[in-house]
Amino acid sequence: YNNLEGGAYTYGELLELDGMLYGMSDYNNGHIFKVATNGSGLSKLYTFYENLGQEPWGGLIKHPNGKMYGATRYGGLNGSGTIFSLTENGTHTVEFEFVNGNLYGQNPGYLTLGANGNIYFTTEYGGDNDYGTLQMFDPS
């Protein structure tokens, strides 16, 4: 996965589902890609655009509802990041957009799936003294 395919700056955990690995890169607003565990079938599932999120951060998590979830540090209508869902065929939905300086913070980090089905994460900014927040998202 190289720069010519838009895959520079790949990082974060890979998510394995049914013999496919899903991952993200943040080059040129960011991409979500998938590849078979044997290295074949590399393809881009989704390319981020400013209003729909920029620079995906961390890895994807799989929710019991069948969707994958992730975060972007920037982009969205307010430029402060998003929480998004993605189906295995590449359908992307912005689930939450962050607003500069509000209670929910901005620039979300890695997502964690709780045993109760909620998604937990921290933000880089927001909250008291603008030092970041601990947040929960309920995808139901």
(request) Could you grab me the full set of residues in segment 80-92 that are assigned to a strand (DSSP E or B) and free of Cβ contacts under 8 Å to residues at least 24 places away in the same chain? (result) none
(request) Tell me, yes or no, whether segment 66-80 has at least one residue that is of a type in the set (S, T, N, Q), more than 11 Å from the chain's Cα centre (by Cα) and modelled with pLDDT under 90. (result) yes
(request) Given the conditions (1) in a strand (DSSP E or B); (2) over 26 Å from Thr122 (Cβ atoms); (3) open to solvent by 70 Å² or more (accessible area, probe 1.4 Å), report the number of the one that Val35 does not fulfil. (result) (3)
(request) Output the residues belonging to segment 81-98 that are among the polar types (S, T, N, Q) and more than 10 Å from the chain's Cα centre (by Cα). (result) Thr87, Asn89, Thr91, Thr93
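What residue, among those in segment 98-110 that are part of a loop (DSSP other than H, G, I, E, B) and open to solvent by 20 Å² or more (accessible area, probe 1.4 Å), is modelled with the highest pLDDT?
First, pick out the residues of segment 98-110 that are part of a loop (DSSP other than H, G, I, E, B): 98-105, 109-110.
The next check asks that each one be open to solvent by 20 Å² or more (accessible area, probe 1.4 Å); those that pass are 99-104, 110.
Working: Val99: 82, Asn100: 74, Gly101: 62, Asn102: 66, Leu103: 74, Tyr104: 78, Tyr110: 92.
Result: Tyr110.
Does any residue of segment 8-15 turn out to be at pLDDT 90 or above and in a strand (DSSP E or B)? Lay out the reasoning, then the answer.
Here is the first cut: in segment 8-15, the residues at pLDDT 90 or above are 14-15.
Pick out the ones that are also in a strand (DSSP E or B) and you get 14-15.
Yes, there is a match, as at least one residue in segment 8-15 is at pLDDT 90 or above and in a strand (DSSP E or B).
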(message) Please verify whether Tyr69 is within 23 Å of Gly23 (Cβ to Cβ) and open to solvent by 60 Å² or more (accessible area, probe 1.4 Å), treating the condition exactly as stated.
(response) no
(request) Taking the options Met68, Met136, name whichever one is in contact with a Phe, Trp or Tyr (Cβ under 9 Å, 6 or more places away or on another chain) and free of Cβ contacts under 8 Å to residues at least 24 places away in the same chain. (result) Met136
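The values are calculated or read from the model by the stated rules, or taken from the named source; none is laboratory data. Quantities reported herein were computed from a predicted structural model and do not represent experimental measurements. Counting neighbours? That spans all protein chains shown, and the Cβs are built from the backbone with ideal geometry, glycine included. Accessible surface is based on the protein model in full, side chains and every heavy atom, while ligands, DNA and RNA are left aside. Shrake-Rupley method; radii C 1.70, N 1.55, O 1.52, S 1.80 Å.
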